[in-house]
Each structure stands twice: as C-alpha cells, then as structure tokens.
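Engineer: My questions all concern the structure below.
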Amino acid sequence: MLKNTWPRDRHVGPGGGLYTGPGGGLYTGPGGGASTGPGGGLSTAPGGGLYTGLGGGLSTAPGGGLYTGPGGGMSTGPGGGLYRGLGGGLYTGPGGGLYTGHCEQPYRSNLPPREALLEYLARHRLEHLLLQCG
C-alpha cells in the first residue's frame, strides 16, 4: 500500500503546508501536496489525496484520511487530524496542523488540500465529519 503525506500546517514558507514550492503542501509538481500526478495530494491514484481506496486521503479505512480511528485524519485522539493536543491537526503549536511558523517536522497528512476536501465532503454529504471540530 502506497501512503503519501504532505505538509498540512498553515506555514507559508519553504516546507510549509501553504507553500507552493518544492516540498510544500500546495506544490503542484511531481509528488507535491497539490499535484494531480502519481503520489500527489490531488491524485486519484493509490496513495493520493483523492484516492478512496486503502491508504488514500478519502478512505475511511485504517490509514485513510477520513478514518475516525487512532491516528486517522478524522480522529479526535492523539495524532489525529481533529486532535487539539501536541502533534494533532488542530494543535496551534509547533508540529500542529494550525501552526503558522516554520517547523522542522510540520504536521503531515494524506488528506487532499483543504478546498478539495471540503468540496468532496459537501458533494458526498459528509459534512457531519467536520462537526467533530467543535
């Protein structure tokens, strides 16, 4: 199973989740977090951010971006995308998904970029997953 992850924090500089250059979460080049090609955050191929199969960003199975279990993108537990504690997707400190500063080890996720995720959830009537954000 191919599992890709990309920076998904709120940092705009090199290596950050909102950076459009190589290594950034919104990079559109090969393997980038906003690439539609193989290994990309907007790819529908195995491991991609828009892939619904095992390991994909839109999978609800373990390892998937929409998984609600331990470590999943929709988990409120430690390491989860909706976790507010250290290392979680809703954590505002270094290593967290809402951190805006430079971090050597930024928060990473296999979810597609925010806009694509929100569009997918709305199209498939899965907005209830976001209610966990509180």
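The values are calculated or read from the model by the stated rules, or taken from the named source; none is laboratory data. Note that the structure is predicted; figures quoted are calculated from it, not measured. In this analysis, Cβ positions are derived from the backbone assuming ideal geometry, glycine residues included, and neighbour counts consider all displayed protein chains. Just so you know, the surface numbers come from the protein's heavy atoms only, side chains and all, with ligands and any DNA or RNA stripped out. Shrake-Rupley method; radii C 1.70, N 1.55, O 1.52, S 1.80 Å.
Engineer: Take each of the peptides 74-84, 6-16, average the number of other beta-carbon atoms within 10 Å over its residues, and list them starting from the highest.
Structural biologist: Put in order of decreasing packing, that is 6-16, 74-84.
Engineer: May I pose another question? Highest mean first, what order results for 118-124, 29-35, 108-114 on Cβ atoms within 10 Å?
Structural biologist: Descending mean neighbour count gives 108-114, 29-35, 118-124.
Engineer: Roll a 1.4 angstrom probe over the protein heavy atoms and tell me the percent of accessible area of the chain that is carbon or sulfur.
Structural biologist: 59
Engineer: Let me ask something else about it. Of the listed values (i) -0.27, -0.58, -0.68; (ii) -0.25, -0.52, -0.61; (iii) -0.21, -0.45, -0.52, identify the label whose number matches log10 I(q)/I(0) by the Debye sum over Cα atoms at q = 0.09, 0.13, 0.14 Å⁻¹ calculated from this model.
Structural biologist: (iii)
Engineer: Report the charge-dipole magnitude of the chain in Debye, nearest 20, computed about the Cα centre from +1 at each Lys and Arg Cβ and -1 at each Asp and Glu Cβ.
Structural biologist: It works out to roughly 100 debye.
Engineer: Using the Karplus curve 6.51 cos²θ - 1.76 cosθ + 1.60 with θ = phi - 60°, what ³J(HN,Hα) values do you get for each residue of the stretch 72-83, in whole Hz, with x for Gly and Pro?
Structural biologist: Computed from phi, the couplings for the stretch 72-83 are x, x, 10, 8, 9, x, x, x, x, x, 10, 7 Hz.
Engineer: Please give the calculated 222 nm ellipticity per residue for the chain, where each DSSP H segment of at least 4 residues contributes -39500 (n - 2.57) and the sum is spread over every residue; nearest 500 deg cm²/dmol?
Structural biologist: -2000 deg cm²/dmol
Engineer: Which whole-number percent gives the relative contact order of the chain, counting Cα pairs below 8 Å spaced six or more residues apart?
Structural biologist: Relative contact order, the chain: 19 percent.
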